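Heads up, the thing below is written out as C-alpha cells.
The values are calculated or read from the model by the stated rules, or taken from the named source; none is laboratory data. All figures in this text were calculated on a predicted structure; none of them were measured in a lab. Cβ placement follows ideal geometry from the backbone for every residue including glycine, while neighbour counts extend to all protein chains displayed.
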Amino acid sequence: MPKIDITALPSESGSGYPAPYDAGFEKRHVTRLGKAAGLTQFGANLVRLEPGAMASQRHWHENQDEFLMVTKGTCTLVEDEGSTTLSPGDCAAFPAGNPNGHHLVNNSREDAEFLVIGTHSSTETGHYSDVDMMVRVTDGEYNFTRRDGSPIRGEGGQ
C-alpha cells in the first residue's frame, strides 16, 4: 500500500466561492490527499482551521455523501438543529439528499484539523443555507448562481 507523505503535499488556502461569499477563508487550509493518491471515486481532504476559521459556507449536497472525523483540536459543527462540539476522534456524516445545512467552525484558540471524505459524482447540486447561492457541478466545472438560478453578477461571480 503506497504511503502518502502528507508533509510533501501542497496546502491550499481560501475557497472557490465567488465574491462576496469567498471572504474569510484565508485561515482555512486544505491538503487534497485523495487527489494526490489518484483517487477518482471519492475525495479525501485534510482540512486545517486556524482559530476563528470556518471550513465552508453552511451547505448540503443532493448527490454526494460526506463523512468527517476530527483529528486535532476542537471544531464546532453547525447545522440546522444547532451546534455540537467535536473533539479528536469524533465523527459526523451527511447523507446525500438530506437538506441539513452544515459546516465546521474553529471557535477555539488553537488550530483544529479534520479529515473529510466525500463522493465524487459527474454531476452535483449543492445548496447553501445561509447565503443566496447554489452550485451546479458538471464534469468538474463549478457554476455558482443565486438560489433562483440567476447569475451572481457585480460581486465577482459569474
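Have a look at Leu49, Leu115, Leu86 and point out the one that is among the aliphatic types (A, V, I, L, M) and without any contact (Cβ under 8 Å) to a residue 60 or more places away in the chain.
Within the list Leu49, Leu115, Leu86, the selection yields Leu86.
When you scan segment 130-149, how many residues do you find that are crowded, with 17+ Cβ neighbours inside 10 Å and in contact (Cβ under 8 Å) with a residue 24 or more places away in the chain? The number of residues fulfilling the criteria is 2.
Asn63 satisfies every condition listed in (1) surrounded by fewer than 16 Cβ atoms within 10 Å (Cβ to Cβ); (2) free of Cβ contacts under 8 Å to residues at least 60 places away in the same chain; (3) within 17 Å of Gly118 (Cβ to Cβ) except (2). All conditions in (1) in contact with a Gly (Cβ under 7 Å, 6 or more places away or on another chain); (2) not in a loop (DSSP other than H, G, I, E, B) hold for Val137, with the sole exception of (1).
The residues on offer are Leu9, Leu33, and the sole one that is at pLDDT 95 or above and over 17 Å from the mean Cα position of the chain (by Cα) is Leu9. State all residues of segment 38-54 that are more than 20 Å from Gly140 (Cα to Cα) and not in a strand (DSSP E or B); if no residue qualifies, say none. Glu50, Pro51, Gly52, Ala53, listed by residue number.
For segment 79-128, enumerate the residues that are in a strand (DSSP E or B) and among the hydroxyl-bearing types (Ser, Thr, Tyr). Once the filter is applied, which keeps residues that are in a strand (DSSP E or B) and among the hydroxyl-bearing types (Ser, Thr, Tyr), segment 79-128 yields Ser83, Thr84, Thr85, Thr119, Thr123, Thr125, Tyr128. Residues of segment 4-15 that are surrounded by fewer than 11 Cβ atoms within 10 Å (Cβ to Cβ) and not charged (D, E, K, R): Thr7, Ala8, Pro10. Pull up segment 4-43, narrow it to residues that are β-branched (Val, Ile, Thr) and out of contact with any Ser or Thr (no Cβ under 7 Å at 6 or more places or on another chain), then point me to the one that is nearest to Asn107 (Cα to Cα). Here the answer is Thr7.
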